[in-house]
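Heads up, the thing below is written out as structure tokens.
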Amino acid sequence: MRVIRPAVLTFAALGMTLGGAGPAGARAHGAVAAPELTAEVAAPVIVARYTFDAASNGAIVADDSGHGHTLTSSAGHGGKVRLAERLAGRAADFPARCAGAKCPHAVLQTPDAPELNPGTGPIRYGATVRLTKKDTGSGQNIVQKGYSASGTQYKLQIDGAAGHPSCVFADAAVHAIHVAMSDVSVSDGAWHRLECRRSGTSLTMLVDDAVHGSAVLPAELSVVNTVPLSIGGKGNGKDNDQFHGTLDDVWIARG
């Protein structure tokens, strides 16, 4: 996963000196320059991360961030999350696309926790995905917290036969759904890094570290709910928006 480093702002960068409101170099003759101060802007903090490297089939998936948000499987009709080899580690392989009435389905979930609910604050989340053209569908959820129909939500999904990823936020107050849709497809069987960023009124969709979609959010949109965090679908049900590909390095960061 790409490391996000903190930005550093200095008074010099703003054209100011400590002890005066004028531009740098405009202090009175003979005055002693005050030392430059550096104000660091904190980097986002990873609150959940899943690499699947230490997992085994049928077992729980540890939270590699150290925050204890352990994933457990919830499945139906014989669905399973299997492990696939990837480079030096492992990835999570979800049930393949199925056209029957009782298709296998499976998700990984961890219980609700305060740090998984961003409120109106900034949040970033994402995953590395692999999806083939034959496994695309009407809607496949990768990361989801909450339900748009009955509350608040943030989500990363891949929508439609064209396989375009998107970031979604839902507002409980007006039941509005806000979508930042990518202008490129990822259903080519290759690995792609997907990321959603919410900061203030900005929602941004990144594919392979480049911006490919955006949307404007209401400043007051707050996502707080008691629904489990779900990976690979929205839950254990018939219409669970099952993801049919392979996931690796799923993460959520606050700040």
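Projected over all directions and averaged, the alpha-carbon convex hull of segment 161-238 occupies 6.5 nm². Once backbone amide H atoms are built at 1.01 Å from N, Gln153 has Ala170 as its partners under 5 Å, excluding neighbours fewer than 5 places away on the same chain.
Segment 65-170 gives an Rg/Rh value of 0.96, both radii derived from C-alpha positions and Rh following Kirkwood.
The calculated P(r) of segment 119-255, using every Cα pair and 5 Å bins from 0, goes 2, 11, 22, 26, 21, 12, 5, 1 in percent. Using the alpha-carbon centroid of each, what span in Å lies between segment 95-164 and segment 187-235? Value for the Cα centre distance between the two parts: 10 Å.
Ranked by solvent-accessible area (1.4 Å probe, protein heavy atoms only, all chains present), the residues Ser166, Ser199 order from largest to smallest as Ser199, Ser166.
Across Tyr147, Tyr125, the residue with the most accessible area heads the list, and the full order at a 1.4 Å probe is Tyr147, Tyr125.
Please report the carbon-and-sulfur percent of the accessible area for segment 138-183; probe 1.4 Å, protein heavy atoms only, DNA, RNA and ligands left out. C and S fraction of accessible area: 58 percent.
Using heavy atoms of the protein chains and a probe of 1.4 Å, the accessible area assigned to Lys80 is about 120 Å².
Heavy atoms of the protein only, probe of 1.4 Å, neighbouring chains included. What is the accessible area of Arg86 in Å², nearest 10? Spelled out: Arg86, probe radius 1.4 Å, area about 60 Å². Exposure check, 1.4 Å probe, all protein chains in place: Glu195 carries approximately 10 Å² of accessible surface.
The charge dipole of segment 150-229, taken about the Cα centre with unit charges on the Cβ atoms of Lys, Arg (+1) and Asp, Glu (-1), comes to about 180 debye, rounded to the nearest 20. Rounded, prolate or oblate for segment 53-125? Axes are the square roots of the Cα gyration tensor eigenvalues, ordered a ≥ b ≥ c, and the cut-off for rounded is a/c under 1.5. Since a/c reaches 1.5 but b/c is at least a/b, the shape of segment 53-125 is classed as oblate. Accessible surface for segment 165-216, divided over its residues, is 41 Å² per residue with a 1.4 Å probe.
Quick check on segment 115-171: take the gyration tensor over C-alpha atoms, sort the square-rooted eigenvalues as a ≥ b ≥ c, and tell me if it's rounded (a/c under 1.5), prolate or oblate. The shape class here is prolate. Phi angles across segment 59-72 convert, under the Karplus curve 6.51 cos²θ - 1.76 cosθ + 1.60 with θ = phi - 60°, into 3J(HN,Hα) values of 9, 6, 10, 6, 8, 6, 7, x, 8, x, 8, 5, 8, 10 Hz, Gly and Pro given as x.
The values are calculated or read from the model by the stated rules, or taken from the named source; none is laboratory data. Note that the structure is predicted; figures quoted are calculated from it, not measured. Ideal geometry is used to build each Cβ from the backbone, glycine not excepted, and the neighbour counts take in all protein chains shown. Heads up: the accessible areas ignore ligands, DNA and RNA and are worked out on the full protein's heavy atoms, side chains in. Shrake-Rupley method; radii C 1.70, N 1.55, O 1.52, S 1.80 Å.
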